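Q: Here's a structure for you.
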Amino acid sequence: MTPELIEHICKDWLLPPSTKPCRLKRPWMLHYSASNQSSRVDEILCGRTNGFFIECGAADGETLSNSLFFENSRNWIGVLIEGFEPWFRKLLWLRRYT
């Protein structure tokens, strides 16, 4: 990676986390992942708090999210990546803290 590429990514592609309240459609849910992956990973990590994640294919940030549990319940921070523009717009609307 060149310094120019890193500068381009930081300047033109990275967005800061929202400082406004998150707009979850189902805030009562604990685990959002498709097959309970977040629950299993939480068991493997023994409930570790204050971690870091990268979720590629974040979709709308809520539906089938593998990281939302860790953000909400374990105080993790991370990077959400979504290349499909309609889902990316929904992800921005949701205002995740990541």
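Q: I need the semi-axes of the equivalent ellipsoid of the range 1-42: take the C-alpha gyration tensor, multiply each eigenvalue by 5, square-root it, list largest first in whole angstrom.
A: Calculated on Cα positions only, the semi-axes equal 33, 18, 7 Å.
Q: THR63 to PHE84: extension gain in nm, 0.36 nm per residue of separation minus the Cα-Cα distance?
A: Answer, rounded to one decimal: 6.1 nm.
Q: If the only charges are +1 at each Lys and Arg Cβ and -1 at each Asp and Glu Cβ, what is the size of the charge dipole of the chain around the Cα centre, to the nearest 20 debye?
A: With Lys and Arg at +1 and Asp and Glu at -1, about 480 debye.
Q: While we're on this one: Counting only residues 5 or more places away or on other chains, whose amide H sits under 5 Å from the amide H of VAL79 once H atoms are built in the peptide plane?
A: It is PHE53, ILE54, GLU55, by chain and number.
Q: Let me ask something else about it. What's the longest piece of the chain with no exposed chymotrypsin sites (Phe, Trp or Tyr not before Pro), counting a site as exposed if DSSP puts it in a loop and it has at most 16 other beta carbons within 10 Å?
A: 29-83
Q: Tilt of helix 85-94 relative to the longest C-alpha principal axis of the chain, in degrees (0 to 90, nearest 10)?
A: 60
Q: Placing one identical point scatterer on every Cα of the chain and ignoring solvent, what is log10 I(q)/I(0) from the Debye formula at q = 0.11, 0.23 Å⁻¹?
A: -0.34, -1.26
Q: I would also like to ask the following. I'd like to know which of ILE77, LEU24, GLY47 lies farthest towards the positive end of the charge dipole of the chain, counting +1 on Cβ of Lys and Arg and -1 on Cβ of Asp and Glu.
A: Farthest towards the positive pole: LEU24.
Computed from the coordinates by the stated procedures, all read-outs in this text should not be read as laboratory data. Remember, it's a predicted structure, so these values are computed and weren't measured experimentally. So basically every Cβ, Gly included, is an ideal-geometry build from the backbone, and we count neighbours across all protein chains shown.
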